[in-house]
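Below is one structure; the comments refer to it alone.
None of the figures in this text is laboratory data; all of them are computed from the coordinates on show. Everything numeric here is computed off the predicted structure, so don't read it as measured data.
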Amino acid sequence: MFNFGWGELVVIGIVALIAIGPKELPTVLRTLGQWMGKVRRMANEFQGQFQEALREAEFADLKKQADDLSSSVAEFSNIDPLADVQKDLEHSFEETPAVDADAPAADAVAAAEPAGDAASPAALPAPEPTPPLPEIEVPLPEPPAAVSTQDFTPAEAEPPPAKKKARKTAKKAEGDA
């Protein structure tokens, strides 16, 4: 706050001791400390009120942004695809002109589309129906034979291979020789 060094504080202390006197100096210093405390409390209170006003202003801005965001989200949450499809269907049925049931299909297409373009589908002749495909008979493979209980009977126990026995006897014969 005030930029006092040690030298300046010593000079102020000596002047105060001479001007006030040693008897009154402690009470003067105590009173000065109390006044300094009051000034600091007032400054802190002012600073706190100022900070609170800033927080309220920021809070109001944040609240406005949150309200804007929630209104934007509310627009997206009111989506009803079935209602949109229903409206489209109703709209398409309203635009379709009435067709005479006794008139042939080509006349109905011509009545529904505007005339004037020679390459339009109404001007082209109707395609001939394609003949049905011939039926081809594919033979199915024979099913496998049925499973019987003989398929699950254990096989007869086979003796161990003769090779192992022959090796052991050959090693014994070599070892004895």
Exercise. HN-Hα J couplings of the range 141-148 from phi, Karplus 6.51/-1.76/1.60, θ = phi - 60°, integer Hz, Gly and Pro as x?
Worked result: x, 5, x, x, 5, 5, 7, 10
For this session: Mind computing the radius of gyration and Dmax over the alpha-carbon atoms of the range 6-77? Å is fine for both.
Result: 26.5, 82
